[in-house]
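The values are calculated or read from the model by the stated rules, or taken from the named source; none is laboratory data. Quick caveat, the model's predicted, so the values are computed rather than measured. We place every Cβ from the backbone using ideal geometry, glycine too, and count neighbours over all the protein chains shown.
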């Protein structure tokens, strides 16, 4: 059985961030710089600095987002939570802005493949360019739905196996069914480019955490999965 996964969410209500991805990227870079400036502390706990953002990471377990106009960080996974806790301590000690109003939420996620389909929706899930080009070339809506299902399946399976270390047995089958999808245009990404974004309603037999993000650029808060009735 896979061990429960810790989740840490920190809402920095004193740190106001305009709705601008460039500023999101800048704040994420500054978070990484703070960790880099105290590398010895991270090395002591065997936490790599690149855990905050690295193109080679299969899934960014530390994610930045904006909540009620303020900065918010989420960490998923034991090492990621440990890294974010250490960063938050350093941030409090070094911040030039008084940090007086913060909400820290600790959660535990138990990954589970069930026998029932659970309804979810995801807004602004970003696609790799080659996948978007492939979908644009499909004229049949069923074929497009099938491609989205494969994309979601790959993202969910990767999250469970690579991020959580979950073993999926031969008799355990992940099912994904897309119910609706629509384009939401293009969204700017971390390195100044842009990727196609979609809104998708789907169901799967995997119980997913409510803070899970799927697709590309999850470190910037894209692809948030929400539970539906």
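See the values below:
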{"quantity": "Condition check for residue 109: touching a residue at least 60 places away in the same chain (Cβ under 8 Å), buried (at least 16 other Cβ atoms within 10 Å of the Cβ) and within 15 Å of the chain's Cα centre (by Cα)", "calculated": "yes"}
{"quantity": "Residues satisfying the stated conditions in the stretch 90-103, i.e. touching a helix residue (DSSP H, G or I) at 6+ places or on another chain (Cβ under 9 Å) and surrounded by 12 or more Cβ atoms within 10 Å (Cβ to Cβ)", "calculated": "90, 91, 99, 102"}
{"quantity": "Meets criteria (buried (at least 19 other Cβ atoms within 10 Å of the Cβ), touching a strand residue (DSSP E or B) at 6+ places or on another chain (Cβ under 9 Å), in the same structural domain as residue 129 (by TED's automatic domain parsing) and modelled with pLDDT of 95 or more) for residue 217", "calculated": "no"}
{"quantity": "Any hit, the stretch 84-91, residues being under 21 Å from residue 223 (Cβ atoms), in contact (Cβ under 8 Å) with a residue 60 or more places away in the chain and in a helix (DSSP H, G or I)", "calculated": "yes"}
{"quantity": "All positions within the stretch 167-184 that are part of a loop (DSSP other than H, G, I, E, B) and modelled with pLDDT of 90 or more", "calculated": "173, 174, 175"}
{"quantity": "Top-ranked residue of the stretch 151-175 - restricted to ones that are surrounded by fewer than 13 Cβ atoms within 10 Å (Cβ to Cβ) and free of Cβ contacts under 8 Å to residues at least 12 places away in the same chain, ranked as nearest to residue 108 (Cα to Cα)", "calculated": "169"}
{"quantity": "The stretch 193-207, residues that are surrounded by fewer than 20 Cβ atoms within 10 Å (Cβ to Cβ) and in contact (Cβ under 8 Å) with a residue 40 or more places away in the chain", "calculated": "199, 201, 203, 205, 207"}
{"quantity": "Subset of the stretch 191-201 that is within 18 Å of residue 130 (Cβ to Cβ) and outside any strand (DSSP E or B) - its residue that is modelled with the lowest pLDDT", "calculated": "191"}
{"quantity": "Selection status of residue 66, within 21 Å of the chain's Cα centre (by Cα), on the phi < 0 side of the Ramachandran plot and not assigned by TED's automatic domain parsing to the domain that holds residue 156", "calculated": "yes"}
{"quantity": "Selected residue [farther than 23 Å from residue 223 by Cβ, at pLDDT 90 or above and either within 21 Å of the chain's Cα centre (by Cα) or not in a loop (DSSP other than H, G, I, E, B) (or both)] from 115, 155", "calculated": "115"}
{"quantity": "Lone qualifier among 140, 116 - being in the same structural domain as residue 190 (by TED's automatic domain parsing), touching a residue at least 40 places away in the same chain (Cβ under 8 Å) and over 21 Å from residue 27 (Cα atoms)", "calculated": "116"}
